[in-house]
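J.: Before we start, here is the structure in question, set down as structure tokens.
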Amino acid sequence: MEQMDSHLRAWQDSGVEWLPQAGGPLHIPLAVTSPPDQVAQTATTIRANVPNAGQIGPGGAGLAASINLPALSRSADLAAPKFPQTTQPDPGALFPREQMAPPPQRSAEGPPIFELPVLEDYQRDRALKDLAYKVSQCKKCPDLVRTRTRTVFGTGPINPQLCVIGEAPGFNEDQQGEPFVGPAGEMLTRMLAACGFDRQEIYICNILRCRPPENRPPLPDEAANCRPFLVQTLELVRPKHICLMGGSATKYLLGRDEFIGQLRGRELDWRGIPVTATYHPSYLLRSPAKKHDAWADLQQMLLRMGRTLPGK
Ligand code: URA
């Protein structure tokens with residue numbers, strides 16, 4: 001209880017006036033994607049957790065129950081059958097085409113992450129270190145190579161409940177070699193704390209691993225050059241949920257061109273991993289009024305992850 005209070009206080013300190021007790025409406029997406037019994041069960045969970053949830057129809061489905069995708073057992077992975085591939089895998093994917101599972105139902109770019117062969121944790125740790133070294137040697141984007149101090153790979157554990165993906169390193173990140181360590185990083189830490197997460201338990205990375213000059217947004221070519229690193233990172237880290245912060249993240253991970261204001265509040269997915277999109281912490285620092293919406297997005301994300309809402 002004390003911990004919950006401190007989460008809520010942290011959020012209040014960061015400027016959010018609207019908190020669950022205030023009973024404001026949540027913008028729950030109404031697309032029905034789940035079987036009817038899951039719909040009913042999820043709607044019940046939402047009603048039990050969300051103020052004013054009586055207004056949520058049975059279409060508010062799939063929010064709480066959809067996270068535990070089946071993972072293959074290790075022995076089954078080793079003997080994984082070879083499936084015919086009818087869609088192109090992601091060009092940066094680590095695993096050869098013939099080892100891949102059938103094409104995913106919800107993405108045309110590669111198999112669901114949880115259907116990839118599972119490496120031992122120590123193998124994945126080592127592969128991530130190798131990948132970080134490869135990133136540090138990357139020279140694909142001349143503008144970025146010229147101006148970067150160092151590359152910024154990502155931080156956090158493998159198999160996290162959540163992976164946060166931002167845009168690109170800024171000044172502080174470029175100096176320190178870690179994502180989200182400047183003012184936007186402080187904001188992110190407060191947002192995570194308000195959700196009941198310790199920052200250390202979350203994997204954090206960016207669309208780009210180099211700081212763009214003057215902190216300009218990533219260019220499409222740069223995002224394309226860096227994409228294999230991001231995809232391989234996600235394949236190795238295997239987060240249970242992804243939170244995309246800002247328009248660059250939704251544009252370059254999901255290939256969606258809509259504004260973040262149009263994508264937030266929707267049940268998104270990347271290769272079988274549930275995805276939440278919300279405003280970038282830097283944007284929230286500039287536009288504090290949007291923190292209400294960000295908080296609603298994060299609460300919806302927590303429900304979808306099957307976690308208890310703060311203060312409940
Ligand atoms: N903004 C981002 O998108 N990423 C960082 O790492 C820092 C600021």
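The values are calculated or read from the model by the stated rules, or taken from the named source; none is laboratory data. For clarity, every value in this text was computed on a predicted model and none was experimentally measured. Reconstructed Cβ throughout: ideal geometry from the backbone, glycine too, with neighbour counts over all protein chains shown. Keep in mind that these areas ignore ligands, DNA and RNA; they rest on the heavy atoms of the full protein, side chains included. Shrake-Rupley method; radii C 1.70, N 1.55, O 1.52, S 1.80 Å.
J.: For segment 220-312, what size does the Cα cloud have along each of its three principal axes, sorted from largest down, in whole Å?
T.: 41, 30, 19
J.: Quick check on segment 153-267: what are the equivalent-ellipsoid semi-axes from the Cα gyration tensor, as sqrt(5λ), descending, whole Å?
T.: 19, 17, 15
J.: In the P(r) worked out for segment 108-305, what percent of Cα pairs fall beyond 29 Å?
T.: 16 percent
J.: Kindly write out, for segment 207-223 in residue order, the coupling ³J(HN,Hα) from the Karplus curve 6.51 cos²θ - 1.76 cosθ + 1.60 (θ = phi - 60°), rounded to whole Hz, with x marking Gly and Pro.
T.: 4, 9, 9, 10, 6, x, x, 6, 6, 5, x, x, 8, x, 5, 5, 4
J.: Given Cβ point charges of +1 (Lys, Arg) and -1 (Asp, Glu) and nothing else, what value in debye, to the nearest 20, does the dipole of segment 108-305 about its Cα centre take?
T.: Result for segment 108-305 is approximately 300 debye, rounded to the nearest 20.
J.: Further question: Order 257, 130, 121 by their accessible area, 1.4 angstrom probe, all chains in place, largest first.
T.: 257, 130, 121
J.: Something else about it: Could you order 133, 252 so the one with the most accessible surface comes first? Probe is 1.4 Å.
T.: Most to least solvent-accessible, the answer reads 133, 252.
J.: With all protein chains present, calculate the accessible area of residue 148 using a 1.4 Å probe and round the result to the nearest 10 Å².
T.: 40 Å²
J.: So, taking all protein chains as they sit and a 1.4 Å probe, how much accessible area belongs to residue 229, in Å² rounded to tens?
T.: Ignoring ligands and nucleic acids, residue 229 comes out at about 20 Å².
J.: Continuing with the same structure: What does the accessible area per residue of segment 108-305 come to in Å², with a 1.4 Å probe and no ligands, DNA or RNA counted?
T.: On a per-residue basis, segment 108-305 sits at 38 Å².
J.: Related question: Alpha carbon centre of segment 113-158 versus segment 163-212: separation in Å?
T.: Their Cα centres are 16 Å away from one another.
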